[in-house]
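Colleague: Following this message is one structure expressed as structure tokens.
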Amino acid sequence: MKKNDFSFTSIVILLIVASSVGCNGPASPLDPPPTKIAYAHVLGDGTLDTARSKNVVAMGGGNGLYCFDLTFVPKSVVATIDNDPVGPEQGLGFVKVALPPTALFTCSAIPTPDATVMTAKETMVGEGTSDGGWPFYVYWTE
């Protein structure tokens, strides 16, 4: 074997090591994981799926406009529409999220929410209204 020949075994080992640390390399000690997380699954009928939710104290609203009271004030959020064949809305929908101090709206049950989520039809986006009913998942971190 020549000095600069790689064997098949060497390439496989290199790929295994690369995939174990990920494309971006190992996590930096300067960026520790979030200390607090919360998440929620809201069903198509607007109810909180408590079995798939964590650190949610209360949820208010409905019909696509939801307010959340969490165990902490989040700094980041990600949400996605869920595919629920029994939900009242099917097809294309959008989800918008906001954190304090710029909540999209407030709910009578939670006048100062820690977070808000709005689901809407494509024709309703940007109108300040919602015709909801889409189930969704949302994930918050501190």
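Nothing in this text is a laboratory measurement; each read-out follows from the coordinates by a stated rule. Values in this document were obtained by computation on a predicted structure and should not be read as measured data. As a convention, Cβ positions derive from the backbone with ideal geometry for all residues, glycine included, and neighbour counts pool all protein chains shown.
Colleague: If you stretched the chain out fully between TYR139 and THR47, how much longer would it get, using 0.36 nm times the residue separation minus the C-alpha to C-alpha distance?
Modeller: Full extension of this stretch gives 31.5 nm more.
Colleague: Listed highest first by mean packing, meaning other Cβ atoms within 10 Å per residue, what order do 52-65, 71-84, 106-119 come in?
Modeller: Taking the mean over residues of other Cβ atoms within 10 Å, the ranking is 106-119, 52-65, 71-84.
Colleague: How much FRET efficiency would the formula 1/(1 + (r/R0)^6) give for SER108 and VAL73, where r is the Cβ-Cβ distance and R0 is 30 Å, rounded to 0.05? Mind dumping the intermediate values first?
Modeller: Working: r = 21 Å, r/R0 = 0.69.
E between SER108 and VAL73, to the nearest 0.05, is 0.90.
Colleague: Spelling out what I want: for every residue of region 137-142, take phi, set θ = phi - 60°, compute 6.51 cos²θ - 1.76 cosθ + 1.60 (Karplus), and round to whole Hz; glycine and proline get x.
Modeller: 10, 9, 9, 10, 10, 7
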